[in-house]
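The values are calculated or read from the model by the stated rules, or taken from the named source; none is laboratory data. Computed from a predicted structure; not experimentally measured. Cβ: placed from backbone, ideal geometry, glycine included. Neighbour counts: every protein chain shown.
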Amino acid sequence: MRRKGITLVELLVVMVIVALSAGGIFFAYRSLVRETIRQSLFAKNEQDVEVLLTSLRKDLQGIGFGVPVNRLNVGTPACNRLTAFANSSSVVGLALNCLSGNDELYFLNLATRSFRNSGCWWVMDRSGNVATEGRRWTLENCPNRPPAGENFLCLDMASKAIVNCNSPNTLIFSMGDRTVINDFAVRYFLNNTNLPKECAPGTFNLLKQVNPDAVAQPIASCVAVFRVRYFDGQSYGIATDDINNLRAIRLCLLIQVGGRMDTPMDPPNGFEQCGDITINPEWRWYRWKLVEEDIPLRNIRR
């Protein structure tokens, strides 16, 4: 006699097969979504690093911009001493082995504050004619003449000494609402306060502080190493005898990109010119970007 329909056992077997198939599809889909999110986050973090580097290049390339000759010296500041550096006779300085062996970078740059005409400067010739130079920090064109209502620092074109702004052969730099050059002293440093939870253990925030502002501006998070070296055209070091020999700043960063990974990988263990890196074992579970590049200094010649 032919049996009609299916038995309960057959139905249960089919249900188990369907459930297993659905579970496999679900877990495969979840893994695909997680990997897509991880890759998207990695790509975003890579873009964030490029934005960070663009900002750092702009600030560091401007070291010495609008700085009079009496400040064109290399200093040796101590850690966490921005006010002391601002009142010194230096245009640039390194504080070594600060937080967890990382460095702090100090410098003067009249274009570092983001007021409207930051980065603008003008040249007055011997006949009193004024030509516009530079661009605003927003990349807009500067005014044809120094605008009324702002403060200016004026340097003799040859000696780079401070002179009256109506003098011939003068370089005129905008200072916005500021009146003293000390207010353009900058400190880049690391701090682990309010570190985002996605950052690897032993990492820091990179901050920028401008004298005399009490609050530092966060620049980047999840930074493991921040070091700086001088380049005199031949070798790299932490000191230089003559600022006229200083050609560039070697910027060295180890920065996390993306969140925690499922598979460990060895992080970079050293820089070409900035020394070895002490690796935290937990860093193996994160992806890293090693940054090491020379940033030329064109505004520090006497």
Residue selected from the stretch 134-149 under the condition part of a strand (DSSP E or B) and out of contact with any Phe, Trp or Tyr (no Cβ under 8 Å at 6 or more places or on another chain), by the criterion nearest to ASN299 (Cα to Cα): ARG135
VAL69 being within 24 Å of PRO296 (Cβ to Cβ), more than 22 Å from the chain's Cα centre (by Cα) and in the same structural domain as THR203 (by TED's automatic domain parsing): yes
ALA111 being touching a Phe, Trp or Tyr at 6+ places or on another chain (Cβ under 8 Å) and at pLDDT below 95: yes
SER221 vs. criteria in contact with a strand residue (DSSP E or B) (Cβ under 6 Å, 6 or more places away or on another chain), among the hydroxyl-bearing types (Ser, Thr, Tyr) and either on the phi > 0 side of the Ramachandran plot or assigned by TED's automatic domain parsing to the domain that holds ASN80 (or both): yes
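If you go through the stretch 236-247 one residue at a time, do you hit one that is under 22 Å from PHE85 (Cα atoms), β-branched (Val, Ile, Thr), surrounded by 12 or more Cβ atoms within 10 Å (Cβ to Cβ) and in contact with a helix residue (DSSP H, G or I) (Cβ under 7 Å, 6 or more places away or on another chain)?
no
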Every pair of residues 6+ apart whose Cβ atoms lie under 9 Å, when the first sits in the stretch 155-170 and is under 21 Å from SER89 (Cα atoms) while the second is surrounded by 15 or more Cβ atoms within 10 Å (Cβ to Cβ) and acidic (Asp, Glu): ILE162/ASP156; VAL163/ASP156
From ASP232, ASP183, ASP177, residue being acidic (Asp, Glu) and at pLDDT 95 or above: ASP183
Positions within the stretch 184-207 being of a type in the set (A, V, I, L, M), in contact with a helix residue (DSSP H, G or I) (Cβ under 8 Å, 6 or more places away or on another chain) and part of a loop (DSSP other than H, G, I, E, B), in sequence order: ALA200
Those residues of the stretch 208-218 which are within 30 Å of ARG302 (Cα to Cα), touching a strand residue (DSSP E or B) at 6+ places or on another chain (Cβ under 6 Å) and outside any strand (DSSP E or B), in sequence order: ASN211
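Please verify whether TYR188 is in contact (Cβ under 8 Å) with a residue 24 or more places away in the chain, farther than 15 Å from VAL67 by Cα and surrounded by 13 or more Cβ atoms within 10 Å (Cβ to Cβ), treating the condition exactly as stated. Break it down into steps so the answer makes sense when it comes.
Numbers: in contact (Cβ under 8 Å) with a residue 24 or more places away in the chain: yes; farther than 15 Å from VAL67 by Cα: yes; surrounded by 13 or more Cβ atoms within 10 Å (Cβ to Cβ): yes.
Yes, satisfied.
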Of residues in the stretch 220-244 being closer than 15 Å to TYR106 by Cβ and part of a strand (DSSP E or B), the one farthest from the chain's Cα centre (by Cα): TYR230
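In the stretch 254-298, what count of residues is obtained for those that are among the β-branched types (Val, Ile, Thr) and either over 26 Å from PRO196 (Cα atoms) or in contact (Cβ under 8 Å) with a residue 60 or more places away in the chain (or both)? Write out each step before concluding.
Within the stretch 254-298, the first condition is being among the β-branched types (Val, Ile, Thr), and the residues that meet it are 255, 257, 263, 277-279, 291, 295.
Subset that is either over 26 Å from PRO196 (Cα atoms) or in contact (Cβ under 8 Å) with a residue 60 or more places away in the chain (or both): 255, 257, 278, 291, 295.
Counting residues in the stretch 254-298 that are among the β-branched types (Val, Ile, Thr) and either over 26 Å from PRO196 (Cα atoms) or in contact (Cβ under 8 Å) with a residue 60 or more places away in the chain (or both) gives 5.
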